[in-house]
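Contents: one structure, followed by commentary.
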Amino acid sequence: MSLFGSRVPRTEDPRLLTAGGTYVDDVAVEGSLWATFVRSTMAHARIASVDTAAASKMEGVVAILQAGDLDIGLMPVDFPVLPTNMPRSLLAAATVRYVGEPIAVVIATSRALGADAAEAVIVDFDPMDPVITLDSALADETIVHSEAGTNICAQFDQEPVDFTGCEVVVRQRMVNQRVAPCPMEVQASACRWTEGGRLEMWTSSQGPHPIKMFLASFYGLDPDQVRVVSPDVGGGFGAKSFIAVETLLLPALARHTGSPVRWTETRSESMLALGHGRAQQQEVTIGGTKDGRILAYHLEVVGDAGAYPRIGAFLPMLTKMMHPGTYRIPATSCRARSVITNTVPVVAYRGAGRPEAAAAIERAVDMFAREIGMDPADVRRRNFVPPDVFPYATSGGTVYDSGQYERAMDLALDAAGYDRLRAEQAERRERRDRFQLGIGMAVYVEVTALQGGGEYGRVLITEDGGAEVMTGTFPHGQGHATAWAMLVSDETGIPMENITVVYGDTDVVPMGGLTGGSRSAQIGGTNVWLAARDVVEQARRVAADLLEAAEADIVLDKEHGRLHVAGTPSRSLGWVDVAARAQAAATPLSAVGDFQLSPSGSYPSGAHLAVVEVDVETGQSKLVRFVAVDDAGRILNPLLAEGQVHGGVAQGVAQALLEEFSYDPDGNPLTTNFADYAIISATEL
């Protein structure tokens, strides 16, 4: 019986919930010194002086280093299209551009002693006018990077469409606020140089192989001279997709001191150093007929890139790519810009640019429905891209592969009892109830695995008849070990408990990519599956030789994990038998998948509905019910898929009701810990 569609519990969980995981902080690197960063307390200022005299004399201090003490290059850009005229040194050399930017680093014999010494470093600032709001950034009255001449760091222009033929036009400015990713495990890294000049790094990341290549390039090393290990990772959410400035600096510190160096940030540091998400200002214009037909839609996006253009500066381009959403609108357009501000740089976070597009169009459709007096579900139904026109090219040029948007919405409405909810909502309004009912819906489409490509996936049959899966994907909560074992077991009949999944060490796994953008199952999983199928074919050839039969006559009894001649199961071979013969012939049963996904990616979709009770006297909102219908194609393991939906919904609800990273007008962060930043918890969900 196939395992596809089975609710197989995560095989990772018993270890994580009993013995516990092994995180970077748990990795013992003998002789390590601790790095503690002295960070800016000003949003925008020139560094007048840094006084390290008192700190240098403190117990345990090995060195206190500034930018001029290290012969090291500038921080490379995350993405090829990002500007290079807004450079960043790993330690601020002359100017600080956000609160939390590293200025100096204390190297000490312990974490506690390093923290004490960092507190004793005195930095004298010459304050400059900060740029905090997006409107002030666009005005260019104060330029954050003076050499660039402007605060605009990325621009994707498109002229607005014409709304003159619309009977109804609605406009509104909206804010998709800045949020902090808040993984339970903060950023942490440790590194050392071996006697042979080889760099070894342990880091909490979303993929060790891209980190390896980044380090090799930055330090001028052959890739074989770099080893990166990512052990268990306590959450990433996109923010750990790219290397941290502090992590990139560690090898230089280890080389300078001649000792291994490690670093783990505090929670408050994480709120300032890990990077933030979302941070878009949006202006929507939507127009159509009074009977509910949408004819035109324009979206203006200004993205906050923060103080330096990291991947966040590119994300408005993805918002532009997905701006029409699930609707067949004759004319759409989007103008997207990113600007520099004196705030924490923006990075990838939970969908990275695409959920922002869905939020904009879905709010616009609701406003349009309200303006013409139609039920928002009816307006959506009238304007969905129908299922018989796929592949469908939007007016912006994006080609969706498939979708059943109306069916997803209808399933969500039926599950929620939509008509009953609307009736109850009307009754509460009629009687002026203190507790009013809010009903929110959204139908989305999202590009995943954008840029396509391949991923490493190898399957090897071991001498004991088990299987070893080697994958270039890197799980940090997604359940790859369970899913990949299911795929191999389904093809080979080898029990899941006899299948080992190996990942996370660049010395063991030869290549790999980033786990992000929903690429792992459809690329990495497919290659594991193809490798398993290839191994079965190899085994059939070996079995044919042993059983003295034609290869075409050999069948695999997956239920029992044995190969035999069709019609004569009494003469059969187990995986141990065929593996032994293959090993003896020096041709072990091993295969690597070669699947490459199209660069256009894939386009899953779905419909979500929230029922919220609002106290109109206090403004308190309570999530009463949430219904999610997601079309993700063929589901391998519903338990894993539901877990991903639960996590996404939790963070979406958090942004809607609770979370926002905020600054005062001087650029001082106001939400740097979990007492001030309202991270969501079981209480709200």
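Summary of computed values
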item	result
Checklist (1) under 28 Å from the mean Cα position of the chain (by Cα); (2) at pLDDT 95 or above; (3) not in a helix (DSSP H, G or I) applied to Asp464, failing item	(1)
Qualifying position, being open to solvent by 20 Å² or more (accessible area, probe 1.4 Å), part of a loop (DSSP other than H, G, I, E, B) and on the phi > 0 side of the Ramachandran plot, among Phe163, Phe242, Phe237	Phe237
Selected residue [of a type outside the set (S, T, N, Q) and either closer than 20 Å to Ala254 by Cβ or open to solvent by 50 Å² or more (accessible area, probe 1.4 Å) (or both)] from Arg192, Arg178	Arg192
Scope the range 421-451; condition among the β-branched types (Val, Ile, Thr) and either open to solvent by 40 Å² or more (accessible area, probe 1.4 Å) or touching a strand residue (DSSP E or B) at 6+ places or on another chain (Cβ under 7 Å) (or both); matching residues	Ile439, Val443, Val445, Thr448
Hey, Thr343 out of contact with any His (no Cβ under 8 Å at 6 or more places or on another chain) and either buried (at least 22 other Cβ atoms within 10 Å of the Cβ) or farther than 24 Å from Ser600 by Cα (or both) or not	no
Options Lys290, Lys320; residue that is under 21 Å from the mean Cα position of the chain (by Cα), basic (Lys, Arg) and more than 20 Å from Ala43 (Cα to Cα)	Lys320
Matching residues in the range 484-497 - criterion: being part of a helix (DSSP H, G or I) and open to solvent by less than 50 Å² (accessible area, probe 1.4 Å)	Trp484, Ala485, Met486, Leu487, Val488, Ser489, Asp490, Glu491, Thr492, Met496
Options Glu356, Glu265, Glu269, Glu283: the member that is surrounded by fewer than 24 Cβ atoms within 10 Å (Cβ to Cβ), over 22 Å from Glu185 (Cβ atoms), touching a strand residue (DSSP E or B) at 6+ places or on another chain (Cβ under 8 Å) and at pLDDT 95 or above	Glu283
One residue from Ala591, Ala607 being surrounded by 18 or more Cβ atoms within 10 Å (Cβ to Cβ), farther than 21 Å from Val536 by Cβ, of a type in the set (Gly, Ala, Ser) and touching a helix residue (DSSP H, G or I) at 6+ places or on another chain (Cβ under 7 Å)	Ala607
Single condition Pro376 does not satisfy, out of (1) more than 20 Å from Arg407 (Cα to Cα); (2) modelled with pLDDT of 95 or more; (3) not charged (D, E, K, R)	(1)
Sole residue being among the hydroxyl-bearing types (Ser, Thr, Tyr) and farther than 20 Å from Val245 by Cβ, chosen from Thr95, Thr133, Thr41	Thr133
Hits in the range 374-389 (condition: open to solvent by less than 40 Å² (accessible area, probe 1.4 Å) and either part of a loop (DSSP other than H, G, I, E, B) or among the acidic types (Asp, Glu) (or both))	Val385, Pro386
Pairs, first closer than 12 Å to Val443 by Cβ in the range 352-367, second open to solvent by 10 Å² or more (accessible area, probe 1.4 Å) and of a type in the set (Asp, Glu), C-beta under 8 Å, six or more apart	Ala358/Glu446
Candidate set from the range 557-585 (those that are open to solvent by less than 60 Å² (accessible area, probe 1.4 Å) and touching a His at 6+ places or on another chain (Cβ under 8 Å)); member that is farthest from Ala467 (Cα to Cα)	Ser572
Yes/no for Thr500 being in contact (Cβ under 8 Å) with a residue 40 or more places away in the chain and either open to solvent by 20 Å² or more (accessible area, probe 1.4 Å) or closer than 25 Å to Ala586 by Cα (or both)	no
Any pair with Cβ under 6 angstrom, 6 or more apart, that starts in the range 307-324 at a residue that is closer than 14 Å to Pro355 by Cα and ends at one that is assigned to a helix (DSSP H, G or I) and open to solvent by 10 Å² or more (accessible area, probe 1.4 Å)	Leu318/Arg354; Met322/Arg354
Single match in Gly619, Gly667, Gly633 (criterion: in contact with a strand residue (DSSP E or B) (Cβ under 9 Å, 6 or more places away or on another chain), at positive phi and outside any strand (DSSP E or B))	Gly633
Unique match (being outside any strand (DSSP E or B) and of a type outside the set (Ser, Thr, Tyr)) among Val62, Val81, Val105, Val123	Val81
Residues of the range 395-406 that turn out to be part of a loop (DSSP other than H, G, I, E, B) and either open to solvent by less than 40 Å² (accessible area, probe 1.4 Å) or over 13 Å from Ala607 (Cα atoms) (or both), as a count	7
Hits in the range 14-41 - residues which are surrounded by fewer than 12 Cβ atoms within 10 Å (Cβ to Cβ), aliphatic (A, V, I, L, M) and part of a loop (DSSP other than H, G, I, E, B)	Ala19, Ala28
From the options Ala93, Ala137, Ala115, residue that is in contact (Cβ under 8 Å) with a residue 12 or more places away in the chain, assigned to a helix (DSSP H, G or I) and surrounded by fewer than 21 Cβ atoms within 10 Å (Cβ to Cβ)	Ala115
Pairs where the first residue, in the range 407-422, is part of a helix (DSSP H, G or I) and the second is of a type in the set (Val, Ile, Thr) and open to solvent by less than 10 Å² (accessible area, probe 1.4 Å), C-beta under 6 Å, 6+ apart	Met409/Val443
Filter result (basic (Lys, Arg), closer than 21 Å to Cys166 by Cβ and outside any strand (DSSP E or B)) within the range 296-345	Arg328
Ser681 vs. criteria in contact with a Lys or Arg (Cβ under 8 Å, 6 or more places away or on another chain) and either crowded, with 19+ Cβ neighbours inside 10 Å or within 22 Å of Gly619 (Cβ to Cβ) (or both)	no
Any hit, the range 537-552, residues being within 38 Å of the chain's Cα centre (by Cα) and not in a loop (DSSP other than H, G, I, E, B)	yes
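Condition check ((1) of a type in the set (D, E, K, R); (2) in contact (Cβ under 8 Å) with a residue 60 or more places away in the chain; (3) in contact with a Pro (Cβ under 8 Å, 6 or more places away or on another chain)) across all residues:
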{"residue": "Pro599", "(1), (2), (3)": "no, yes, no"}
{"residue": "Val611", "(1), (2), (3)": "no, yes, no"}
{"residue": "Asp615", "(1), (2), (3)": "yes, yes, no"}
{"residue": "Val627", "(1), (2), (3)": "no, yes, no"}
{"residue": "Asp666", "(1), (2), (3)": "yes, yes, yes"}
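The values are calculated or read from the model by the stated rules, or taken from the named source; none is laboratory data. Fair warning: this is a prediction, and the values are worked out from it, not measured in the lab. Note that each Cβ is placed from the backbone with ideal geometry, even for glycine, and that neighbours are counted across all protein chains shown. Protein only, heavy atoms only, side chains kept; ligands, DNA and RNA dropped before computing areas. Shrake-Rupley method; radii C 1.70, N 1.55, O 1.52, S 1.80 Å.
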